[in-house]
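Just so you know, all these numbers are worked out from the coordinates, no wet-lab data involved. This is a predicted model, so every value here is computed, not measured. Heads up, the Cβs are rebuilt from the backbone with ideal geometry, glycines too, and the neighbour counts pull from every protein chain shown.
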Amino acid sequence: MPAMPTPPLAPQPLLLIEAVEAVYQHAIIALHGVSLSLQAGEIHALLGANGAGKSTTLKAVSNLLPVQRGQITAGRILYQGVDVARTSPAALVRLGLVQVLEGRHCFRNLTVEENLLTGGLGRSSSRTELTHDLERIYSLFPRLKERRRIHAGLTSGGEQQMTAIGRALMSRPKLLVLDEPSMGLAPLIVQDIFGQLKRLNQEEGLSILVAEQNSAVALQYADRVTVLDTGIAVLSGTAQEIRQRADIQSFYFGQTVAA
Ligand code: ATP
């Protein structure tokens, strides 16, 4: 009997969040069975209002919940097949899962360039490699080159966000996780930052998971979208589908963006 052709295997997601429940201080339930799947090369936006559970999801992904007296109580998160809850945040960074926390954390008393270089410290890179990576960051964000000798604490909000992202890029991520990069920034700066992230995604295949309250900008740049509401994933789909559905946008985001 001729062998049956085997159906093609579905590609393994880079990040799989399966029915995750997360709790703070053993009492405050922040996530109720959240699921999400991100394929390599995708930009996935996690949308939702204040307190919806976006930051909790991202911290769970990087195994940072225990630092905040939080934990995953059900479900699991796999990054490249690895259970993140059993892997230290530092080991996850070495595996290419790198997070830029909410609030553009920079070392205020270090210069912009010193901040960027701290991102390369965990790698055993040669000076030539570090210089090459620095130049790559400066080509993405030329303002950082102009400001490289200034203390990060003296630079603008947009420059600090670019520095925080640049530092994360210095550790050569496969999956970059960003928590509300647009927060408090002028629209032109937000477009610049998202434009450069999209460029990295398209030119180098960088995968991105980004939490945003700014649904308009996220829908413009993302491939897929998951909407959270009080710790529940209430909607998931391609950004293109959602861009074409004014009803969904006004229901969930209170505004619409052009398809
Ligand atoms: P925001 O945009 O305000 O950051 P979010 O969508 O990221 O909102 P989370 O910060 O994940 O939401 O919050 C989800 C829920 O968990 C909220 O009810 C919040 O009060 C609670 N929460 C968040 N962090 C903690 C913490 N460290 N301890 C206790 N509860 C927390």
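Annotations for the structure displayed:
- Inter-probe distance in nm under a simple model that places probes 7 Å from Cα toward Cβ, at His151 and His132: 3.5 nm
- The slack in the chain from Glu102 to Leu121, taken as 0.36 nm per residue of separation less the alpha-carbon distance, amounts to 4.7 nm.
- Gyration tensor analysis over the Cα atoms of the chain returns equivalent ellipsoid semi-axes of 29, 22, 20 Å (largest first, whole Å).
- Ordered by the count of other Cβ atoms within 10 Å of each Cβ, fewest first, Thr57, Thr238, Thr111, Thr226 give Thr238, Thr111, Thr226, Thr57.
- From its DSSP helices (H runs of at least four residues, each -39,500 (n - 2.57)), the chain gives a residue-normalised ellipticity at 222 nm of -10000 deg cm²/dmol.
- For Ile43, residues with placed amide H under 5 Å, excluding near neighbours: Ile208, Asp223, Arg224
- Amide H contacts of Leu110 (H built 1.01 Å from N, in plane; Pro and chain starts excluded): Ala152, Gly153 sit under 5 Å, all sequence-distant by 5 or more or on other chains.
- Relative contact order, whole percent, for the chain stands at 25, derived from Cα pairs under 8 Å and 6 or more residues apart.
- Orientation-averaged projection of the stretch 109-172 equals 3.8 nm² [convex hull of Cα atoms, one quarter of hull surface area].
- Protection proxy ranking, peptides 172-180, 228-236, 126-134, average beta carbon neighbours within 10 Å, highest first: 172-180, 228-236, 126-134
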